[in-house]
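First up is the structure itself, then whatever we jot down about it.
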Amino acid sequence: MVSLSTLPHTAAGRSEPTHYHVFYSAILQLRYGHLSKMTFVMLWVMGGPLSLARHGVLLMFFPVLGVLGFISIFPIYVLRKARLHTNTRTQPSVALEIYRRLFSKSYVRVSIIYLFSSSIITQIYCSEFADLTMFLPKRDFELSKVNEKRIYINALSVYVALIYAIIHCLQDKDRLSLPSVKTDPMLRVKQILYPEFRKSLALSIVLSVIFIPAYLPFRGYIWHTSLYFARFLATLHKSTATGSFPFSPLHSFLLSFTLLFMWNIANEMCTIYLTLGALHRGKGISEMSSDPNGTLLTGLRRGSKKQFTRRTAFQELRFIAYNDGRRRDSIYRDVEKPSTWQQINTECLHVLQDLRNGFVINSDLPGKSNPQSRSGAPVPTQHIPVTGSTPPPIRMRRENIFLSAAPLNESPTSKLERRLLEGLQDPQAVQSSSAIAWFQGLQKWLKQGKEELWTHIIAFLCTPYGAPFRYTIQRKVSKLVSNRELVSDAINALSDLVVNSIIEDTFGTVQRDIPRILSEFDQTITLLEAFVEKPPLHWSDVVNKKQLVNGKNPIGTAYAIELDEVDILVDDLTEAFDRIVHTFDKYLLGMGLNPDVYKRCGVSLRRV
């Protein structure tokens, strides 16, 4: 027991701490500034040799190309910052994902940004070469002629921008994943230069070659449209005929490579600087606050719309739980209700509860509650009062109720219609029998056609051409575990705090919550293992269905269905459960654990 005299003195009440997002937003702006500065310097250095070759030594040190290049790249940074997210946005099938990502307003916005960037870079590129002017060289007495090679290069830049916008959306470049290990951003930038150079080189060759046949069907339309707008700038020759094909492999390759390399480097650098994590100059972001623990808790809150902020806060919590003994001690010593530990424990367990709810709702796992159990209150039943008096008997009509009485004052037209209807009746039911037989035959034919159609659909889905239309279990799991890193951080941070509490928790604030923590871990492991053992496959997931044995996943064999995200979470939960059990082995009997947890504790102890 701990006497009241040993408890630390607490204030009368808690003041509202500064929100975690306030400090993180300021740090992101600082990193954003470093990113912009690094981009400007790199573009200045890249444009130096070109300025030296064209304009001499003096203009090489004047950052004209660097400024213009930065203007073309900066909108991409604005786009990335506005669209950043941490959750995966996987769709049930590849075809549906392509449709929803490309046929959307999102793709239009991304395309506009890359078209703007490509237009500036193309103008800079064309201004450095004499054969890429808008009009061909002419003598004084000749009329101007449009340079089709310049039109070809402009069309190529539009083509590359639209293709790269497709790549941007399909690869979901706006999703940020925080690395577990913090590294120097300059080192990471140096490491990506050569891989991005190779990717840009290969893709530029492919796009330059494909654009030649892609340009041919639209050559006439592009040429006449360009002539229409060029007449506003100069007096052109009356001839509208095209000349030889404006084939320029060197310019096509160089421009494509320049665009792709600059965009790849810009996106990678943006990802690097925006994913530097929860440490700033060797300290956690919450350390900037006068109430570090309170600020950290505001970032951990469930329901926050700032998902990237919440993801970073959990990363900082994991760092504190594993590395920072001083912050752990401050968490243990804060016993003012609700204590810091209780709130951290609640938020970490909320992550596991949200994970389980997602699996229960979207699959046939046990534990799915009906509307009555969700509300917690029984559905009221309306009872009809029973009276002592007997209700009056129902009067039965003995005449044929299907016969229509002759209406009074019937008009000649109505009378004719009634006679026609009576004449169409079939007293012997021969026509009715033939109609029934016809409908039965039609129903049988439709049933056979449906079975044949279903057979062809399944056969198509089994082919490589049908693969994009399968609703696979792997894509479903990717959607259910949309932020696996956050769940892993919550599991490991909670287990580290519990394990370290056996030595550092002077007041015993953590030990009383161990039974609930172990129970939550056990429930989550059980549910995930049941999901892996009997995954709810969609009827179109024909390949994975063939791997099932008696409706179950043959775990441990070469034919097992791989669900990587679930396997990683099960490993994290099992490891965290084992560490807690081994640390508090001597005290488990007195904790009042439920039988399922006791059973798993025995398995964990025998695993040593």
ask   = Can we say Thr506 is closer than 30 Å to Val335 by Cα, touching a helix residue (DSSP H, G or I) at 6+ places or on another chain (Cβ under 8 Å) and part of a loop (DSSP other than H, G, I, E, B)?
value = yes
ask   = Name the residues in the stretch 269-307 that are surrounded by fewer than 18 Cβ atoms within 10 Å (Cβ to Cβ), touching a residue at least 24 places away in the same chain (Cβ under 8 Å) and either closer than 30 Å to Ile166 by Cβ or touching a His at 6+ places or on another chain (Cβ under 6 Å) (or both), would you?
value = Arg302, Lys306, Gln307
request  = Report, ordered by the first and then the second residue, all pairs with beta carbons closer than 6 Å, sequence separation of six or more or different chains, a first member in the stretch 149-170 that is farther than 19 Å from Arg101 by Cβ and assigned to a helix (DSSP H, G or I), and a second member that is of a type in the set (Phe, Trp, Tyr) and open to solvent by less than 20 Å² (accessible area, probe 1.4 Å).
outcome  = Leu156/Phe211; Tyr159/Phe211
ask   = Out of (1) within 30 Å of Gly325 (Cα to Cα); (2) open to solvent by 10 Å² or more (accessible area, probe 1.4 Å); (3) part of a helix (DSSP H, G or I), what's the single condition that is false for Ile491?
value = (2)
message = Report every pair of residues separated by at least 6 positions or lying on different chains whose Cβ atoms are under 7 Å apart, first residue within the stretch 432-452 and exposed (fewer than 10 other Cβ atoms within 10 Å of the Cβ), second in a helix (DSSP H, G or I).
response = none
inquiry  = Being open to solvent by 90 Å² or more (accessible area, probe 1.4 Å) and either closer than 29 Å to Leu176 by Cβ or modelled with pLDDT of 80 or more (or both) is the filter here; which residues of the stretch 13-45 pass it?
reply    = Glu16, Gln29, Lys37, Trp44, Val45
ask   = Taking only pairs six or more apart or across chains, which ones have beta-carbon atoms under 9 Å, a first residue in the stretch 232-245 that is over 13 Å from Arg219 (Cβ atoms), and a second residue that is aliphatic (A, V, I, L, M) and assigned to a loop (DSSP other than H, G, I, E, B)?
value = Leu233/Met134; Ala234/Met134; Ala234/Leu143; Thr235/Leu143; Leu236/Leu143; His237/Leu143; Lys238/Leu143
key: Residues of the stretch 72-112 satisfying the condition of being in a helix (DSSP H, G or I), basic (Lys, Arg) and within 30 Å of Val542 (Cα to Cα)   = Arg100, Arg101
Of residues in the stretch 308-327 being outside any loop (DSSP other than H, G, I, E, B) and of a type in the set (D, E, K, R), the one surrounded by the fewest Cβ atoms within 10 Å (Cβ to Cβ) = Arg326
key: Conditions (1) closer than 26 Å to Glu316 by Cβ; (2) under 25 Å from the mean Cα position of the chain (by Cα); (3) of a type in the set (D, E, K, R); number of the one not met by Glu504   = (2)
query = Among helices (runs of 4 or more DSSP H) lying entirely in the stretch 206-300, which contain 1 or more residues that are closer than 28 Å to His168 by Cβ?
reply = 219-230, 249-274
message = If I go through the stretch 455-488 residue by residue, how many of them are open to solvent by 30 Å² or more (accessible area, probe 1.4 Å) and either touching a Phe, Trp or Tyr at 6+ places or on another chain (Cβ under 6 Å) or assigned to a helix (DSSP H, G or I) (or both)?
response = 19
request  = Can you confirm whether the stretch 121-133 contains a residue that is at pLDDT 85 or above, closer than 18 Å to Leu176 by Cα and not small (Gly, Ala, Ser)?
outcome  = no
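The values are calculated or read from the model by the stated rules, or taken from the named source; none is laboratory data. Predicted, not measured: the structure shown is a model, and the values here were computed from it. All Cβ positions, glycine included, derive from the backbone under ideal geometry; neighbour counts span all protein chains shown. In case anyone asks, the SASA skips ligands and DNA or RNA and just uses the protein heavy atoms, side chains included. Shrake-Rupley method; radii C 1.70, N 1.55, O 1.52, S 1.80 Å.
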